[in-house]
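Notes to accompany the following structure.
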Amino acid sequence: MSFIENLKNCWQQNNSLVCVGLDPDLLRLPSHFEKTADSIFEFNKDIIDATHDLVCAYKPQIAYFSAISAERQLEKTIDYIKSNYPQIPIILDAKRGDIGSTAEMYATEAFSRYNADAVTINPYMGYDSAEPFLRYKDRGVILLCRTSNSGAGDIQDLIVNGIPIYEHVAKLISEKWNANNNCLLVVGATWPNQMTRIRSIVGDMPFLVPGVGAQGGDVEELVKAGQTKNGTGLIINSSRAILYASSGADFAAAARAETIALRDTIDRFRNIS
């Protein structure tokens, strides 16, 4: 089953557009965890067990692991999801982008070493930097388009031939790069007007949507801007607001409650009966 097929099944099975971002910060783990790399897997495991029936994906951010030499904890986290909740797709948030030969190694890292179902990449260097990822027909390739950060407009809103760069990116990916139907776009929750425009360009292509929760994206605006006609099309990520909903022993229960609250808020604005 391809990543897109798996994602669609999970949207339906769990009736959820929520993605939990796994960004484990040792300094923010509940106090009963030791501040060592070994604690990361146990923390992730508890979060996953508490939320697995409420999500459409998990998204580990590679920097939170590699920065403290915790790559083994990332492998264990992905293996745990695959073994216990195989229906839930895993997105490796790596935002890779490099020349072809190096991109091939990054693709191998994401899809062979870590066995991720999808990976985020940067399209700035053009098709030859994305092709090593795109050739994995059953995996998802999630390309930056209009990101959630405050400085996104510095480059992405520059006007080229009468339209902003982010629209060029959306058009290029949807029309020329998506031959295997495995492309998705990163479109930030903090820019609903731009999201509306991108949706009009790319049709039903799924969006990974960061910027909800700690970054302040408005759920009603983003859902109305980005959902497809059947009320899906979005992977709405929340990381810190869910992971650190509590710093006490009840952190997993608090994470579950926060996930339910986000899912229910999203559902109020979806095109579902």
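The values are calculated or read from the model by the stated rules, or taken from the named source; none is laboratory data. All values derive from a computational prediction rather than experimental measurement. Neighbour counts are summed over all protein chains in view; Cβ atoms, including those assigned to glycine, are modelled from backbone coordinates with ideal geometry. Calculation scope for accessible area: heavy atoms of the full protein, side chains included, ligands and nucleic acids excluded. Shrake-Rupley method; radii C 1.70, N 1.55, O 1.52, S 1.80 Å.
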- line: In Å², rounded to a whole number, the accessible area per residue of the chain with probe 1.4 Å is 43
task: May I ask you to derive the relative contact order of the range 172-273, considering only C-alpha pairs under 8 Å and at least 6 residues apart, and to give it as an integer percent?
output: 24
field: the chain, relative contact order [Cα under 8 Å, separation at least 6], %
entry: 21
- request: Would you list which lysines come within 17 Å of K95, measuring only between C-alpha atoms, while excluding same-chain residues fewer than 8 positions from it?
  value: K59
task: Label the range 157-205 by shape, choosing from rounded, prolate and oblate, from the square roots a ≥ b ≥ c of the eigenvalues of the Cα gyration tensor; if a/c is under 1.5 it is rounded, and otherwise prolate applies when a/b is larger than b/c, oblate when it is not.
output: oblate
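If the limit is 31 Å between Cα atoms, which of K76/K171; K8/K176; K45/K176; K45/K229; K45/K224 go over it? Don't jump to the answer; show the numbers that get you there.
Working: K76/K171 37 Å; K8/K176 23 Å; K45/K176 39 Å; K45/K229 34 Å; K45/K224 33 Å.
K76/K171; K45/K176; K45/K229; K45/K224, as the Cα separations exceed 31 Å there.
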statement: In the chain the DSSP beta bridges are antiparallel at a rate, in percent to nearest 5, of 5
field: For mean projected area of the Cα convex hull in nm², calculated from these coordinates, the label among [x] 18.0; [y] 16.5; [z] 13.4
entry: [z]
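Of all accessible surface on the chain at a 1.4 Å probe, what whole percent is carbon and sulfur? Don't jump to the answer; show the numbers that get you there.
Details: 5480 of 11630 Å².
Exposed carbon and sulfur together represent 47 percent of the surface.
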query: So, by mean Cβ neighbours within 10 angstrom, what's the order for 144-157, 25-38 with the highest one leading?
result: 144-157, 25-38
